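Chemist: One structure, pasted below without further comment.
The values are calculated or read from the model by the stated rules, or taken from the named source; none is laboratory data. Please read these numbers as outputs of a predicted model, since none were measured by experiment. When we count neighbours, we look across all protein chains shown, and the Cβ atoms used for this are built from the backbone with ideal geometry, even at glycine.
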Amino acid sequence: MKIIGLVGTRPNFIKMAPVIEELSKHSFIRTILVHTGQHFDKTMSDIFFTDLGLSKPDINLNLGNISTWAQSGKIIELLGDIISDENPDWIIVPGDVNSSLAGAISAIRTNTKLAHLESGLRSFDRSMPEELNRIATDHLSDILLVTEPSGLKNLEQEGIPSSRVKFVGNTMIDTLLKLKAISDKSNIHEILRINVDEPYTLVTMHRPATVDSDVGLYNLVEVLEYASKKGKVIFPLHPRTLGNIKKYSLKKRLKSINNLTVTEPLGYLDFIALISNSRMVLTDSGGIQEETTVLGVTCLTLRTNTERPITCEIGTNRVVGTDPSEVIQYIKQYWHSPISGKIPERWDGSAARRVVDILLNN
């Protein structure tokens with residue numbers, strides 16, 4: 001049996017790592033890991049392979065530093081050739097990035113069975129590129145691997161036959177639970193001169209709606225200025241965010257904020273260590289909403305929607321919008337009264353095993 005796993009970005013690596021590990025337990029399965037290169041520099045790619053214990057990709061398409069539309073087209077072209085040469089039984093694509101959709105199209109064009117890891121999530125906001133990627137990939141897939149109950153409902157409403165939908169849980173949480181003890185040994189707090197006994201805020205922002213306009217960034221800076229009055233603020237900068245901070249001449253204003261520490265993107269283990277010990281996380285990321293829920297850390301999502309509603313229904317996440325005055329009120333509300341939550345069903349560290357069992361029986 002032969003399976004191609006396709007990855008392209010940091011979240012993909014986290015979701016796919018436990019699946020690759022589980023596949024490796026079966027001697028009759030040959031797994032080919034293909035990296036599109038969508039995230040291509042050391043801080044966005046290489047360090048994650050090291051932290052997650054992933055072997056180097058069998059094939060790296062190295063398509064990172066080109067335009068989105070050219071990148072997607074080249075993935076389809078090159079991956080199509082790889083599929084034709086390897087003739088795999090399955091292709092697995094995780095998540096909702098451009099690499100995921102391009103991989104799905106390649107699978108369909110080569111008549112190869114496709115499994116979509118993290119199916120059924122919906123923000124119901126089609127201005128988000130990720131939403132369109134999710135919907136299209138789901139409707140092209142032979143097996144849809146769902147992380148939370150909302151995915152089951154969404155796919156049913158979209159007319160996907162239930163025979164193709166499997167509720168497996170969350171492989172991102174498999175990775176978190178496996179590596180949490182190792183991340184606890186990280187020295188990132190010493191490096192950043194953070195006292196773990198004093199409350200601090202961790203911030204990540206990278207989505208176009210947040211950081212691609214001057215208004216979005218000005219709003220974010222206003223929030224950072226307030227949060228820094230509560231304690232230290234740690235802000236690992238995504239390359240997209242850094243580029244736009246420079247574009248809108250905000251570096252000087254950021255530097256003037258007392259208690260704000262800006263860093264390069266961090267490795268997985270260091271980042272989980274920072275989440276685990278933080279008082280609060282401010283983010284626009286999907287995966288971080290899930291990780292904070294399992295770690296029991298208050299998360300304020302600076303968006304108007306979430307495709308992961310379970311993190312708000314029973315978890316520690318709240319969607320708070322992007323208006324600085326409203327976000328600040330939520331910071332005030334939860335700073336001294338952290339959100340308590342529960343861990344969602346099947347976020348138990350065994351999702352990858354369920355994924356592989358399904359692939360072996362379909």
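Chemist: All but one of (1) touching a helix residue (DSSP H, G or I) at 6+ places or on another chain (Cβ under 7 Å); (2) at pLDDT below 90; (3) of a type in the set (S, T, N, Q) hold for SER249; state the number of the condition that does not hold.
Modeler: (1)
Chemist: Among residues belonging to region 101-123 that are aliphatic (A, V, I, L, M), without any contact (Cβ under 8 Å) to a residue 40 or more places away in the chain and touching a helix residue (DSSP H, G or I) at 6+ places or on another chain (Cβ under 6 Å), point out the one that is surrounded by the fewest Cβ atoms within 10 Å (Cβ to Cβ).
Modeler: ILE108
Yes or no, residue by residue, for (1) over 18 Å from VAL211 (Cα atoms); (2) out of contact with any Lys or Arg (no Cβ under 8 Å at 6 or more places or on another chain):
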position	(1), (2)
ILE245	no, no
LEU250	no, yes
THR306	no, yes
ILE310	yes, yes
THR316	yes, yes
PRO324	no, yes
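Chemist: Still on this model: What about LEU217, is it under 17 Å from LEU274 (Cα atoms), free of Cβ contacts under 8 Å to residues at least 60 places away in the same chain and in the same structural domain as VAL327 (by TED's automatic domain parsing)?
Modeler: no
Chemist: If we only count helices (runs of 4 or more DSSP H) wholly inside region 309-362, which ones have 3 or more residues that are β-branched (Val, Ile, Thr)?
Modeler: So the answer is 324-335, 351-360.
Chemist: Give the number of residues within region 57-100 that are assigned to a helix (DSSP H, G or I), of a type in the set (A, V, I, L, M) and either surrounded by 24 or more Cβ atoms within 10 Å (Cβ to Cβ) or touching a Gly at 6+ places or on another chain (Cβ under 6 Å) (or both).
Modeler: 2
Chemist: Then there's this: Of the residues THR171, THR175, which is at pLDDT 95 or above, crowded, with 23+ Cβ neighbours inside 10 Å and touching a strand residue (DSSP E or B) at 6+ places or on another chain (Cβ under 7 Å)? I'd like the intermediate steps shown before the answer.
Modeler: Numbers: THR175 fails: touching a strand residue (DSSP E or B) at 6+ places or on another chain (Cβ under 7 Å).
THR171 is the lone residue from the list that is at pLDDT 95 or above, crowded, with 23+ Cβ neighbours inside 10 Å and touching a strand residue (DSSP E or B) at 6+ places or on another chain (Cβ under 7 Å).
Chemist: I need the helices (runs of 4 or more DSSP H) fully contained in region 172-278, keeping only those with at least 3 residues that are of a type in the set (A, V, I, L, M).
Modeler: 214-230, 268-277
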